[in-house]
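What follows draws every value from the coordinates through simple rules; no lab data is involved. Keep in mind that what you see is a predicted model, and the values were worked out from it rather than measured. A quick note on method: Cβ atoms are made from the backbone with ideal geometry, for glycine too, and the neighbour counts reach across all protein chains shown.
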Amino acid sequence: MVRDRLAAAQRGIALAEVIETAPIVRAGGKRAARVASPVGRVGGPAAAGTRRAPSRAETGAFTGPFLSPSSLTKAERLKLIDGVERVIEGVFAHLPLKRARYGVDPVQRLRILRTQVDQLSSYEFHIELADVVTRLRDAHTRYAGPTSLATKVAALPFLVEVFGPPDAPTYVVTRVGAGLDAAFKPGVVLEFWNGVPIDKAVRRHADEEVGGRPDSQRAWSVLSLTLRSLQYGPPPDEYWVVIGYRSTAASGTPTGSLREIKVPWRVIDPGEIDEMQSSGPTGKAAMRLRHTRAVDPAAAITRRAKMLLFAPGALTGEQANAQPTPRSPSRRKAPTAKVIETELTGTLKAESLARPGGAIGYLRIYGFDVAPEEFVPELQRLIPLLPDNGLIIDVRGNPGGYILAAESALQLFTPKPIQPTRFSLLSTAFTRALATRPGMEAELGPWKESLEAAVRNGELYSQPLPITSFAECNSIGQQYGGPVVLVADSTTYSSGDLFSAGFVDNGIGPFVCVGAATGAGGANVWDYEDLRPLMAGTDFELPTLPDGIGMSFAFRRATRAGPAEGLPIEDVGVAGMPYAMTRDDLLAGNPDLLEHCFELLRQQRRSSLAVDASKTAREITVRHAGLTQLDVLFDGHPGSSLRLRAQTSVVVPYPAGTQVIELFGFGGEQLLQKRRVDARR
């Protein structure tokens, strides 16, 4: 039963069967009926004897501004423009940056669009409105369809990835689903996409993507070759693609004649399998989490769709495959891996990688989409199971999630106090009014005074303040004592950006980045429907948008802390040691990338600190290596300072009534280890 359900979810339904073939032009001032045009599997009129297009009841109500655009009345179109304009001009955190960086004025474009509402078809109107938002190059700020499309993704059943220099990239197929020609397999090199040279096709489509740098635009464009959220953008123009490709030799050199394959787009829904998909937390207790998200909503659902197609067990709670079969003709293999079981298979993967001299830990964080009260404890449970010789944390492709989850996790990997990222609001009459609304005291109270002062001081933004408090960032302390390296790429976004920035700015360890920098999503994200009820009855009241249309937007701008204090993340990202993926990385489990990280870990200073609490006496035994001094605090008060001898355990007694013992291990003048022990246990 489960296998059949999974196969059906992976198969999905043909895109041609859920899209009306022709946009409807508004007639007069009234709504025209939504008339579905029957279509066959290839998108033309249904021939006699072919299966009719399913009704919306049968297909799950595939409606939306790009799928079946209704004929909005002129009043409804104007209301839609008004809502988007008020958000962009009133609360969109990056408006000054986008105007300066890209030479565009979205507010003026919306004003022009307001004069054209009688001239455009429904489809043209929605495309133009969406383009105004897309040209902001901000994956946080998106024009959205109804929630019925929240988990719907247009998909081709294979993945394309790229390696090589930016001026001569090679596009290779790395995963292939069921039902395609046997010759079209991992390792084949793409040369044409619908008759267009593949790199030209990617660059053309990149202009329609949200990235703020050439490398990030290309990365998003490559991903969207085969996966596109239907809630946050238009579906593909074509119902199928024709791909020109060549097989390759063991060296990776293309061989043989050019072949072609025709692959239809299908619509899949990871929500059919993944029960975690929802609109987010609800209720008063969860409101803070909803208002403190940092996520690319489109990438979050396409990540789940990718898992549905190629790693469905992750969505159903199965553990990852420890040693995937190499797909490279070179037969190159990654290090032998042992899976460490996790409760959050769709969000985390933990492994022990065999290495001469001792195993190395590997922790993949696919997203920060699990609430911190579940996410951080699971990390705490996993850390003692990871090898302590070194740890690779991999956040490539992480689209973000909860800011508190990302920033609270950093403390587990360093003895240093974590300084959180700062956030500020655009100073406008809208944001000042919002800060005074009932129920916003706890949420926006810390920014209220500086928003008001900004008027007198001519400041564009409020004072930058943290969302995650210093106490929350440091309430647990270091859990992993070995050296750590972080890996990210140009699609690591939002809370993924924040985690990367915190890793670098707090000096946790080396940072390797595939691409020029991370994806550059520097903001806290809100939705239109989060904001609308808060402004009811004010001068800034937002209209209810027609047809379930919505919008996500960057609400609070993020700026970095520590040595990079004040620097923006938006459109810039977090730069690291650059790394170019190899063919074997893409097809054989990242052997070259891992080897690069192993070498970085080898160069780091090593030390360790472990604590055993006595069950019969008020004392703890401290085991250590690579340390010269141990300082002890009892409930924040100085206890003792001990000189350490190599490999000799130390017994530390503590006074009656002690609740928390803090241990600080130094190597010379450098703090290398820190532990917090609950003495009440």
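With r as the distance between the Cβ atoms of Glu595 and Arg645 and R0 = 51 Å, compute the FRET efficiency 1/(1 + (r/R0)^6) and round to 0.05. Please list the in-between numbers first.
Values: r = 36 Å, r/R0 = 0.70.
It comes to 0.90.
Comparing the range 116-273 with the 2.2 N^0.38 Å rule of thumb, its C-alpha radius of gyration ratio is 1.13 (two decimals).
Taking Rg/Rh (Cα atoms, Kirkwood Rh) as calculated from this structure, the corresponding entry among [x] 1.16; [y] 0.99; [z] 1.25 is [y]. Computed from label points 7 Å out along Cα-Cβ, the spacing between Ala249 and Glu208 is 3.8 nm. Estimated translational diffusion coefficient (Stokes-Einstein, Kirkwood radius over Cα pairs, 4 °C, 1.567 mPa s) of the range 608-678: 107 µm² per second.
Working out 0.36 nm times the residue gap between Ala8 and Glu238, then minus their Cα-Cα distance, what length gain in nm do you get to one decimal?
On the way: separation 230, 0.36 × 230 = 82.80 nm, distance 2.30 nm.
That works out to 80.5 nm of additional length.
Between Val339 and Thr621, what FRET efficiency comes out of the Förster formula 1/(1 + (r/R0)^6) with R0 = 30 Å and r the beta carbon distance, rounded to 0.05? Don't jump to the answer; show the numbers that get you there.
Numbers: r = 32 Å, r/R0 = 1.06.
About 0.40, to the nearest 0.05.
Net length available on complete extension from Ile261 to Glu441 is 59.0 nm, with 0.36 nm assigned per residue and the Cα-Cα distance removed. A simple spin-label model places the labels of Thr544 and Ala575 5.0 nm from each other, with each point 7 Å out along Cα-to-Cβ. For the range 577-609, the set of trypsin sites (Lys or Arg not before Pro) satisfying both a DSSP loop assignment and a count of at most 13 other C-beta atoms within 10 Å is given as Arg605.
Quick one: if the Förster radius is 22 Å, what FRET efficiency do Asp631 and Ile476 give, using the C-beta to C-beta distance and rounding to 0.05?
Details: r = 19 Å, r/R0 = 0.87.
So, using R0 = 22 Å, E works out to roughly 0.70.
What length, rounded to one decimal in nm, is gained on full extension from Ala453 through to Lys74, with 0.36 nm per residue of separation minus their alpha-carbon distance? Don't jump to the answer; show the numbers that get you there.
Values: separation 379, 0.36 × 379 = 136.44 nm, distance 4.03 nm.
Value of the extension gain: 132.4 nm.
Go ahead and estimate [θ] at 222 nm for the chain from helices alone: -39,500 (n - 2.57) per DSSP H run with n ≥ 4, summed, over the residue count, rounded to 500. Intermediate results must be reported in sequence, preceding the final value.
On the way: 20 runs with 184 residues, N = 681.
It lands at -7500 deg cm²/dmol.
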